[in-house]
Amino acid sequence: MRKNKKGSHKGWYLLKYPEKFVKPKDNYMKSFRDISDSEGIKFAVEYKSGLEYKAFKYADCNPSIISWSVEPFGIKYIKPTDGKYHRYYIDLVVKFKNEKTFFIEVKPYSQTFAPRKPSGFSKQKATPKGINRYKNECMTYLVNTAKWDAAKNYCKQYGYTFITLTERELK
């Protein structure tokens, strides 16, 4: 795993069991690639965080999972910050031997609930930087919940289950 300029992990996870992996339908997110070397063709998926790396490795190596995919297709949702339709690409879709299919969003725990105002947050004490950070956290949470609601509706329609995995589950 390597870190990008912001200090978060990003890179390509080389599949150990490529026969389990289902290629994305449109690869719009460009999160899948074939890698050719002297040993032949190998397949890799892009992880955008250390949490995604752990989730991908779990899906790849877990013998109870019979198939999985990364960002397989877009789910339409209305973005609350602009009122327009956008496509949401779920991080991971896994199918278990018991035929249950899960749509999985991988996020830091802190992004799975509404942000709280910092203590002492008032017009007299708030700094422009603090106000902007809180505003951005609120916007991110609004967009995430719109995406997750769209995914939950999609899953309900087709008999799947939507879950969010955080660092608390991906130890």
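Coordinate-derived values only; no laboratory data. Every value quoted in this text rests on a predicted model; they were computed, and no experiment measured them. Heads up, the Cβs are rebuilt from the backbone with ideal geometry, glycines too, and the neighbour counts pull from every protein chain shown.
Going by average Cβ neighbours within 10 Å, how do the peptides 109-115, 54-60 rank, with the highest at the top?
The most tightly packed comes first, giving 54-60, 109-115.
Springs join every pair of Cα atoms under 10 Å in this Gaussian network model of the chain, and among I131, I90, I65 the largest mean-square fluctuation is at I131.
Helix 50-61 and the longest principal axis of the C-alpha atoms of the chain enclose an angle of approximately 30°. The magnitude of the dipole of segment 2-165, with charges of +1 and -1 set on the Cβ of Lys/Arg and Asp/Glu and taken from the Cα centre, is near 880 debye. If the segment from Y89 to H9 were pulled out straight at 0.36 nm per residue, it would be longer than the present Cα-Cα gap by 26.9 nm. Peptides 68-77, 149-158 ranked from most to least packed, by the mean per-residue count of other Cβ atoms within 10 Å: 68-77, 149-158. Ordering V22, Y85, V70 by the projection of their Cα atoms onto the charge dipole of the chain, which places +1 on the Cβ of Lys and Arg and -1 on the Cβ of Asp and Glu, puts Y85 at the extreme positive end.
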